[in-house]
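Colleague: Below is the structure I would like to discuss, written out as structure tokens.
The numbers here are math on the coordinates, done by the rules we state, and not lab data. This structure is a prediction, so every number in the text was calculated from the model and none was measured. In this analysis, Cβ positions are derived from the backbone assuming ideal geometry, glycine residues included, and neighbour counts consider all displayed protein chains.
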Amino acid sequence: MGLRSADRHQAYLAFLGHRISGLALAFFLPLHFLVLGLALEGQARLDGLLAFAAMPAVKAAEWALVVLLALHLGLGLRLLAVEFLAWPGARGARLHWIGRAAGFALSVGLVFLWSILRG
Amino acid sequence: MNEVERTVPATEEGRSLTVRIWRGAQDGEFVSYAVPWRANQTVLDVVTEIQRRIEPALAYRFSCRVGVCGSCAMTVNGKPRWTCRSHVGHVHEDGVLTLEPLRNLPRIKDLVVDMSGFFDKWQQAGGRFSGTATRHDPPAAVDPYSRKRRLADAAIECINCGVCHAACDVVAWKPDYLGPAALNRAWTLVNDERHAGARDTLKRALADGGCCACHTQGGCMAHCPLGLSPTGSIAGLKRLALLEFFKGGR
Ligand code: HEM
Ligand code: SF4
Ligand code: SF4
Ligand code: FES
């Protein structure tokens, strides 16, 4: 018996965004380090992986991860501000930072997309 | 769900309201009642009408009827609310009200939950005031504009209704989490310069299951009928936790 999703509010959406992006990053990071590790080990395998990473679907996934990292960073900074800075008022939970974090993630995504398209 | 229909004749205008009420305890079912839809009625009025005219065995809880006592909270169309201060016109959905007991507390019967665990958490959070003055001392002179007094004031009006406790997912996920109401109370006491047990209250509020379990989802703040901000109080406790950590207090 949860509260219904339609009754969720901004700060809850921020929580969901933060958790989902955090989990996705946690899942991705070991793979990322694996690739970096291979870079140290041998040219051939790295080249194979880099070719794999250049495939469109893989590029799209990479784009999503960059956006998620930007979102996680933005929402994480809001949480740190909410928890460790003085509040502007009794109910001033810096909700407008949520939109800013989303906007920041989106613009990082656009810049990344632009750099991919430019080759 | 196989729902039963029970009815009171509609008013002259003929409009009637469908009220689905949880009957039973942990196990139970929704029963539908139809009652006259009046221009001015609260959700609590509707529950009372059903109990007086259709279902005498319906169990629910209330006292003051005006948002002072904190006993009438229920889940109304999916949200925790004071039923006595919820106008039917503002909360019905296409003429339907779905009423359930408050979330995150054991159900006793129908709309009544067992609040004892909720109150126990207030004690666990160090929520009991202990003074040092006697009746022979003059009243404490607390500067109303001091920083600490203003912090306490912002959180002090809580009436223990349990709405925030029901709104919080962390309470649902982690049953030993003290919850927003108990931690909000602890925050007022930590800022009360007359409270002799401030260190103890702080230690309890920072312990396992205390303020650091909160994920700042803000459900408590979004639902508190008084517009209090347990989220803010808990953030205050977290700041103190960090200070304690750097001081090597814990
Ligand atoms: C970029 C800088 C980052 C900042 C500012 C940041 C900040 C935070 C903060 C404040 C929390 C606590 C959230 C809460 O109380 O609910 C958190 C949770 C978390 N972070 Fe990050 N983080 C960053 C990078 C990362 C990275 C790179 C990963 C992936 C390995 C990651 C994975 C997680 C996970 C899995 C959680 C738990 C999510 C939850 O409890 O809902 N974070 N982060
Ligand atoms: S903080 Fe608000 S919602 Fe929570 S118990 Fe107190 S009055 Fe009720
Ligand atoms: S701010 Fe903390 S206490 Fe309040 S609903 Fe969210 S998780 Fe629960
Ligand atoms: S009956 Fe007292 S608060 Fe609703």
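Colleague: I need to check one value: relative contact order of chain B, counting alpha carbon pairs closer than 8 Å and at least 6 residues apart, in percent.
Modeller: It comes to 16 percent, rounded to a whole number.
Colleague: Continuing with this model, one more query. Projected onto the charge dipole of the range B:7-113 (+1 at Lys/Arg Cβ, -1 at Asp/Glu Cβ, origin at the Cα centre), which of B:Ala34, B:Gly70, B:Leu99 gives the Cα projection farthest towards the positive end?
Modeller: Selected residue: B:Gly70.
Colleague: Can I ask one more? Considering only B:Ile159, B:Thr18, B:Asn191, whose Cα is most displaced toward the positive end of the charge dipole of chain B, charges sitting on Cβ of Lys, Arg (+1) and Asp, Glu (-1)?
Modeller: Comparing the listed Cα positions along the dipole, B:Asn191 ranks first.
Colleague: Determine the dipole magnitude for the range A:9-118: charges of +1 sit on the beta-carbon of Lys and Arg, -1 on that of Asp and Glu, nothing else is charged, the reference point is the Cα centre, and the result goes in debye to the nearest 20.
Modeller: So the dipole magnitude of the range A:9-118 works out to roughly 400 debye.
Colleague: How big is the charge dipole of the range B:116-246 about its Cα centre, in debye rounded to the nearest 20, if each Lys and Arg gets +1 on its Cβ and each Asp and Glu gets -1 on its Cβ?
Modeller: About 200 debye.
Colleague: Whats the longest run of chain B with zero GluC sites (Glu not before Pro) that are DSSP loop and have at most 14 other Cβ atoms within 10 Å?
Modeller: Longest run free of exposed loop sites: B:14-156.
Colleague: In square nanometres and to one decimal, what's the mean projected area of the convex hull around the Cα atoms of the protein assembly as shown?
Modeller: That works out to 27.1 nm², a quarter of the Cα hull's surface.
Colleague: Would you tally the net charge around B:Ala213, using a Cβ to Cβ cut-off of less than 14 Å, leaving B:Ala213 out, and scoring K and R as +1, D and E as -1? Don't skip to the answer; put the middle values down first.
Modeller: On the way: positive: B:Lys121, B:Lys174, B:Arg204, B:Lys238; negative: A:Glu83, B:Asp169, B:Asp176, B:Asp208.
Net local charge, B:Ala213 excluded: 0.
Colleague: Per-residue ellipticity at 222 nm for chain B, helices alone: DSSP H runs ≥ 4 residues times -39500 (n - 2.57), over residue total, nearest 500 deg cm²/dmol?
Modeller: Mean residue ellipticity at 222 nm (helix-derived): -9500 deg cm²/dmol.
Colleague: Considering only DSSP beta bridges where both residues belong to the protein assembly as shown, give the percentage that are antiparallel (nearest 5).
Modeller: 75
Colleague: Continuing with the same structure: Can you check what the net charge comes to around A:Arg78, using other residues whose Cβ is under 11 Å from the Cβ of A:Arg78 (Lys, Arg +1; Asp, Glu -1)?
Modeller: My count for the surroundings of A:Arg78 gives +1.
Colleague: Would you pull out the residues with amide H under 5 Å of B:Ala73's amide H, same chain only if 5 or more places away, H placed 1.01 Å from N?
Modeller: Under 5 Å from the amide H of B:Ala73 lie the amide H atoms of B:Thr83, each far enough along the sequence or on another chain.
Colleague: Would you be so kind as to identify which of A:Leu31, A:Ala90, A:Ala11 lies farthest towards the positive end of the dipole of the range A:9-118, taking Lys and Arg as +1 and Asp and Glu as -1 on Cβ and the Cα centre as origin?
Modeller: Of the candidates, A:Ala90 comes out farthest on the positive side.
Colleague: Below 8 Å between Cα atoms, with a sequence gap of 6+, how large is the relative contact order for the range B:116-246 in percent?
Modeller: Relative contact order comes out at 31 percent.
Colleague: Going through the cross-link list B:Lys109/B:Lys174; B:Lys121/B:Lys148; B:Lys121/B:Lys203, which pairs have a Cα-Cα distance over 22 Å in this structure?
Modeller: B:Lys109/B:Lys174; B:Lys121/B:Lys148
Colleague: Could you give log10 I(q)/I(0) at q = 0.14 Å⁻¹ for chain B, computed by the Debye formula over C-alpha point scatterers of equal weight, without solvent?
Modeller: Here the Debye-derived log intensity ratios amount to -0.92.
Colleague: Then there is this: Give the long-range amide H neighbours of B:Ser130: residues separated by 5 or more places, or on another chain, with amide H under 5 Å away, using H modelled in the peptide plane at 1.01 Å from N.
Modeller: Those lying under 5 Å, H to H, from B:Ser130 are B:Ala196, B:Gly197.
Colleague: Suppose every K and R has +1 on its Cβ and every D and E has -1 on its Cβ; what is the size of the dipole of the protein assembly as shown about the Cα centre, in Debye to the nearest 20?
Modeller: 920
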